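Reading through the structure tokens given below for one structure.
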Protein chains: 2
Amino acid sequence: MAIILSVDAMGGDHGVNITIPACLRFLSESFDLKLILVGDRDAIYSQVGDRLSQYSDRIEVIHTTQVVGMDEAPQSAMRSKKDSSMRVAINQVQTGKAHGVVSAGNTGALMATARYVLRTMDGIDRPAIAKLMPTMKGETCMLDLGANVECTPEHLLQFGVMGAQLMRGVVGKSTPTVGILNIGSEDIKGNETVKKAAELLKNSNLNFYGNVEGNDIFKGIVDVVVTDGFTGNVSLKTAEGIAKMIAFSLKEEFSRNIFSKLIALASLPVLKRIKKRVDPSKYNGAVLLGLNGLVIKSHGGADVDGFYYALKQAHHEVEVGVIGLLREYLEQNKGMLEKDEELLEFKDLSSL
Amino acid sequence: MAIILSVDAMGGDHGVNITIPACLRFLSESFDLKLILVGDRDAIYSQVGDRLSQYSDRIEVIHTTQVVGMDEAPQSAMRSKKDSSMRVAINQVQTGKAHGVVSAGNTGALMATARYVLRTMDGIDRPAIAKLMPTMKGETCMLDLGANVECTPEHLLQFGVMGAQLMRGVVGKSTPTVGILNIGSEDIKGNETVKKAAELLKNSNLNFYGNVEGNDIFKGIVDVVVTDGFTGNVSLKTAEGIAKMIAFSLKEEFSRNIFSKLIALASLPVLKRIKKRVDPSKYNGAVLLGLNGLVIKSHGGADVDGFYYALKQAHHEVEVGVIGLLREYLEQNKGMLEKDEELLEFKDLSSL
């Protein structure tokens, strides 16, 4: 069966200059892939160029007249950009024409539009942004990374469910371990929300590990790290920031003088292997989980490599049926995720 | 004038095996330094050995019979360990015998005991844990790193005040810039507490920069990064975790085969310079700010190098008069930090 992805060709800081070359590269590798390229027809065709004939049966172009700005408010994008490349690309998933959508467009607008068009899955209150992170042992999924700045314990439990089903599909583990991000490993640590969420996770049928700390993410001691969108976003960006600083130090020190430059030259194969292990491009795609359809968010500033990896991720997640696994789990565990009266009571108390 | 530091010689994972060699090293460099070594007399003397005669006029040993366990509950440490090395070392600051205290003991117990013995400064509701972090431009102070898991906007404003006065002393800037950790640079981002705190900081006489994100910490765009203890702790540990993972990758790749090992050998001077820039030992000491006295917390697992840097930091912060600067600022700005009725009203609203 062919895997069909729709692509917001205009999204991101560089639009078609990045998205289309990445699409062509991925088409040349994945013979079961069809792409619906959504955006300005002329801009798309000018990038596809003479390779159109080669892929004519695997590319469909849908012309749109609007583009969602990278700084545009989500509400404005939803209301006044009904013919945007982003909106129409998402529509393809809603109508069943595509199995998933990839966009490098602005995160807020993408989340709001996708939520409006695709709706949240039964059993999920809030979609979350999830990402695979490189660890010393392999990969760990972390969520939420910024969709929900304030979360209840119930939301965090749902994030655990979503992350676990993602990892079930993506890395093929039947019962992925789930940890909750906290500031110590002991049960007494953290704020009330985190403590109560840990209790919910413990009492669920997930493979709950317990508390994990910021440094544990990269040790790979759990498959899924659950956290609220505020903490998750700060943690992710902190990781990106220090990785960049170390790369900057490496570059500066290796180009300090002629001797260090020669050493750098000789070290190139080793340095390249290291880069490959923690390459941000490779970990570019984030998935908006909890919607009735697969939505992959590429970094707005991604290069061709980065957008290519986002496409690859979408392809893989369609292939292993992440959305189906999550839907199946939610249907089989309706009771566990139903609103808990005790929980609501707890919330009332906490606000006193 | 001599600078006198009291040292919790028994604190940390390795006690006197680490603390005393670090003390001796620092004594050999700083001729204006006197140390009060607090702990088991025999254990201390066995480590000082024959160097006692050399430093006899610059070392005082106070014998104590108890040690606070690294996992001991703060309350238990405070109640039943009145003759612990930690407690008695803090007492030296309270009585004015020492200008500051350094401990690698358990953070919770240290904070609770220091708060009980030294009391919080007038104008400060909650002490915070602050740390200098290496950036691409120099150093940035981040706080709180874990003392307060839930913070009001007022607490965050106070953290801004404390961080700014610390940086005024430590890096000698008259008006250090202060940023608040958030998940976007726009004013509308973040939760209610952060938004309100940003407003308070803006209306204060601090040099407020605005929102900063996780990756901005290491760009060094502000001198002080303010955040709640939960987010701060996760961010700090995330940074430590990814730095360790990158170091692990470097080590693994450079020792993969005989060729890469030779390259590593040749790269040694360059790699050493890089390590020096982001060396965790160098950034070991955290300061408990907001107390009537200087308290430096070393990492529990610190090695001699690490504890040495914690001592050095204490010495420097006494030298530049961090506590005096903060006290002076608080006295001159009493009005700004007084309880704000509007703020209390906001708090009531937010809990609805």
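Some notes on this structure:
- Annotation: of all residues in the range B:105-128 being part of a loop (DSSP other than H, G, I, E, B) and out of contact with any helix residue (DSSP H, G or I) (no Cβ under 7 Å at 6 or more places or on another chain), the one that is nearest to B:Gln313 (Cα to Cα) is B:Asn106.
- Flag if B:Lys131 is closer than 27 Å to A:Met136 by Cβ and outside any helix (DSSP H, G or I): yes
- The set of residues in the range B:224-234 that are facing another protein chain (nearest Cβ under 7 Å) and over 18 Å from B:Thr107 (Cβ atoms) is empty.
- Criterion: within 13 Å of chain A (Cβ to nearest Cβ), crowded, with 19+ Cβ neighbours inside 10 Å and under 30 Å from B:Ser204 (Cα atoms) - qualifying residue of B:Ala164, B:Ala147, B:Ala130, B:Ala114: B:Ala147
- The residues listed here are B:Lys195, B:Lys237; of these, the one that is farther than 30 Å from B:Lys276 by Cβ, within 14 Å of chain A (Cβ to nearest Cβ) and outside any strand (DSSP E or B) is B:Lys195.
- Residue match in the range A:175-184 (condition: closer than 20 Å to B:Asn233 by Cβ, surrounded by fewer than 21 Cβ atoms within 10 Å (Cβ to Cβ) and not hydrophobic (A, V, I, L, M, F, W, C)): yes
Matching residues to (1) touching a Ser or Thr at 6+ places or on another chain (Cβ under 6 Å); (2) of a type in the set (A, V, I, L, M); (3) surrounded by 18 or more Cβ atoms within 10 Å (Cβ to Cβ):
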site	(1), (2), (3)
A:Glu72	no, no, yes
A:Gln75	no, no, no
A:Ser85	yes, no, yes
A:Gln92	yes, no, yes
A:Gly96	no, no, no
A:Gly105	no, no, yes
A:Gly108	no, no, yes
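- Evaluation of B:Asn211 against the conditions (1) in contact with a strand residue (DSSP E or B) (Cβ under 9 Å, 6 or more places away or on another chain); (2) in a helix (DSSP H, G or I); (3) among the polar types (S, T, N, Q) shows that the sole unmet condition is (2).
- Flag if B:Phe254 is within 12 Å of another protein chain (Cβ to nearest Cβ) and among the aromatic types (Phe, Trp, Tyr): yes
- Odd one out for A:Leu271, checked against (1) of a type outside the set (Lys, Arg); (2) crowded, with 17+ Cβ neighbours inside 10 Å; (3) in the same structural domain as A:Ala109 (by TED's automatic domain parsing): (3)
- Only one of A:Ile221, A:Ile263 that is within 12 Å of another protein chain (Cβ to nearest Cβ) and out of contact with any helix residue (DSSP H, G or I) (no Cβ under 9 Å at 6 or more places or on another chain): A:Ile221
- Qualifying residue in the range A:98-120 (condition: closer than 22 Å to A:Thr193 by Cβ and in contact with a Gly (Cβ under 7 Å, 6 or more places away or on another chain)): yes
- Any chance B:Ser174 is closer than 21 Å to A:Gly241 by Cβ and either within 8 Å of another protein chain (Cβ to nearest Cβ) or not aromatic (Phe, Trp, Tyr) (or both): no
- Subset of the range B:205-215 [more than 7 Å from chain A (Cβ to nearest Cβ), on the phi < 0 side of the Ramachandran plot and in contact with a Gly (Cβ under 9 Å, 6 or more places away or on another chain)]: B:Leu206, B:Phe208, B:Tyr209, B:Asn211, B:Val212
- Single residue of the range B:272-288 satisfying the filter (outside any loop (DSSP other than H, G, I, E, B) and in contact with a strand residue (DSSP E or B) (Cβ under 7 Å, 6 or more places away or on another chain)) that is farthest from B:Met70 (Cα to Cα): B:Arg277
- Those helices (runs of 4 or more DSSP H) of the range B:289-352 in which at least 3 residues are modelled with pLDDT of 95 or more, considering only elements entirely within it, cover B:304-319, B:322-332.
- Enumerated helices (runs of 4 or more DSSP H) restricted to the range A:13-104, each holding at least 2 residues that are more than 16 Å from A:Tyr308 (Cβ to Cβ) and at pLDDT 95 or above: A:41-48, A:85-94
- Condition check for B:Ile246: at the interface with chain A (Cβ under 9 Å from one of its Cβ atoms), at pLDDT below 95 and more than 22 Å from the chain's Cα centre (by Cα): yes
- Residues located in the range B:185-199, provided they are farther than 20 Å from A:Val194 by Cβ and surrounded by fewer than 21 Cβ atoms within 10 Å (Cβ to Cβ): B:Ser185, B:Glu186, B:Asp187, B:Ile188, B:Lys189, B:Lys195, B:Glu199
The values are calculated or read from the model by the stated rules, or taken from the named source; none is laboratory data. From a predicted model like this one, the values you see are computed outputs, not experimental measurements. All Cβ positions, glycine included, derive from the backbone under ideal geometry; neighbour counts span all protein chains shown.
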